[in-house]
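So the structure is just underneath, and the comments pick up after that.
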Amino acid sequence: MTVFICNDISIDNMKSHQHFSLKKNNSFAVAATTPVIYYPKNEKELQSLSEITEHEFYILGEGSNTLFVEDKAPVMIKPEFLGIRVEESNHFYDVHVASGENWHSLVCFCIEQGINGLENLALIPGSVGAAPVQNIGAYGVEIADFIESVTWFCFQTNKSVLLSKAQCEFDYRASIFKKSLKNKGIITYVTLRFPKNWQAELSYKGLSCLPKNSKAIDIMDTVIGIRNSKLPDPKLIPNAGSFFKNPLVSPDKFSLMKAAYPKIPYYPQEDGSIKLAAGWLIEVSGLKGYQMNGASVHDQQALVLTNSNAASGASIKKLAEYVQRIVCDRFEISLQPEVRMIAEHGEITLGDLS
Ligand code: EPU
């Protein structure tokens, strides 16, 4: 039976709020109101949401990769599954983590316990449940490197399934949770496997100066230092990290670019394509530090768009569209957002609603 209580709507006693302002629940700090936000904390509470999920809804983690582009947002489901459990075997540590845990706290917990591997992924904002969705990555490491399995609750069957790493279809800032399973269920637990014979990943240029026998904690501290020097702190200058993904181009296109810009940064991929640095493309297009209606291209890292002066979500989206157009005019490369843009009736992409 569904029980409704004023202001604090309760479905089978699940925590929830009606007419809820999301301003403190998104790292862009833009104003948007949801008709209702639910905080399921266990599988039973998720089962009680089956009717809700037949209509438009959005799964919210810590809101660090989300831009609300209208004053109204859809119904929100914000999982509050908590807990971390470690299993040790001869060669591995298996860490089972609930989706509502904070990502950086997990990284610190592992390093404190002597479980190495996540040090390069320190200080990435967001929740553990959101991390596999966009396969978070930084400084030569991505979460997919450690995923053993993901527990995913299916809204159609009202049951959980265990997905292997292969079934998660991880790719650069992508997974099955952004594609065929999008909006069909919710990640509840993640199991990460760390080999005891840990090897430091120091290939990224900011880390290659560290000694080969560096401790994980020293690598973590260096990563924190790099991030603090390049990326704006969302608590001080609201932002969602990289706004766009780094684009992939064909070898032919890359040859033309390299001839015109000999110093262009590039990263050859296993499939033969070349990944370019979107931040570099934006900077060379003359947009570093560019401002429009309270939204800015960050002046240290052009891939980051910020809410520098009380911008609305719509203004930040307009700036993103402007950046996309100028870069396309100059390089004939269409930057695609990494940040998910949410309107009243669901997810949209750049160019929609304008
Ligand atoms: N660059 C510029 N101008 C800029 C920004 C970058 O010329 O304004 C150049 C840099 O000099 C460098 C290259 O572009 O040669 C790459 O820059 P950087 O190392 O800062 O990394 P990125 O490709 O811009 C990606 C991730 C970041 C991650 C870093 C480090 C994406 C979309 N972004 O950025 O992730 O921290 O690598 O591994 O893949 C995030 O996703 O929110 C995020 C911050």
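The values are calculated or read from the model by the stated rules, or taken from the named source; none is laboratory data. Small disclaimer: the values here were computed from a predicted structure and weren't measured. Backbone-built Cβ (ideal geometry, glycine too); neighbour counts: all protein chains shown. Heavy atoms of the whole protein, side chains included, go into the accessibility calculation; ligands, DNA and RNA do not. Shrake-Rupley method; radii C 1.70, N 1.55, O 1.52, S 1.80 Å.
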If I ask for residues that are within 19 Å of the chain's Cα centre (by Cα) and among the β-branched types (Val, Ile, Thr), which ones from the range 227-254 would you list?
237
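Do we have residue 303 as under 30 Å from residue 66 (Cβ atoms), open to solvent by less than 20 Å² (accessible area, probe 1.4 Å), within 11 Å of the ligand (Cβ to nearest atom) and free of Cβ contacts under 8 Å to residues at least 60 places away in the same chain here? Walk me through it before giving the result.
Details: under 30 Å from residue 66 (Cβ atoms): yes; open to solvent by less than 20 Å² (accessible area, probe 1.4 Å): yes; within 11 Å of the ligand (Cβ to nearest atom): yes; free of Cβ contacts under 8 Å to residues at least 60 places away in the same chain: no.
The answer is no for residue 303.
Regarding the range 317-325, can at least one residue be identified that is in a loop (DSSP other than H, G, I, E, B) and either open to solvent by 20 Å² or more (accessible area, probe 1.4 Å) or more than 20 Å from residue 26 (Cβ to Cβ) (or both)?
To start, the set of residues in the range 317-325 that are in a loop (DSSP other than H, G, I, E, B) comprises none.
No.
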Only one residue in 142, 119, 112 is more than 25 Å from residue 39 (Cβ to Cβ), open to solvent by less than 20 Å² (accessible area, probe 1.4 Å) and in the same structural domain as residue 92 (by TED's automatic domain parsing). Which one?
119
Residue 226 fails exactly one of the following numbered conditions: (1) within 9 Å of the ligand (Cβ to nearest atom); (2) open to solvent by less than 30 Å² (accessible area, probe 1.4 Å); (3) more than 23 Å from residue 117 (Cβ to Cβ); (4) not acidic (Asp, Glu). What is the number of that condition?
(3)
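Have a look at 272, 289 and point out the one that is on the phi > 0 side of the Ramachandran plot and either among the charged types (D, E, K, R) or within 15 Å of the ligand (Cβ to nearest atom) (or both). Steps first, answer last, please.
Numbers: 272 fails: either among the charged types (D, E, K, R) or within 15 Å of the ligand (Cβ to nearest atom) (or both).
289 is the lone residue from the list that is on the phi > 0 side of the Ramachandran plot and either among the charged types (D, E, K, R) or within 15 Å of the ligand (Cβ to nearest atom) (or both).
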I need every pair where a residue in the range 237-262 that is without any contact (Cβ under 8 Å) to a residue 12 or more places away in the chain and at positive phi has its Cβ under 7 Å from the Cβ of a residue that is open to solvent by less than 70 Å² (accessible area, probe 1.4 Å) and near the ligand (Cβ under 9 Å from one of its atoms), sequence separation at least 6 or different chains.
none
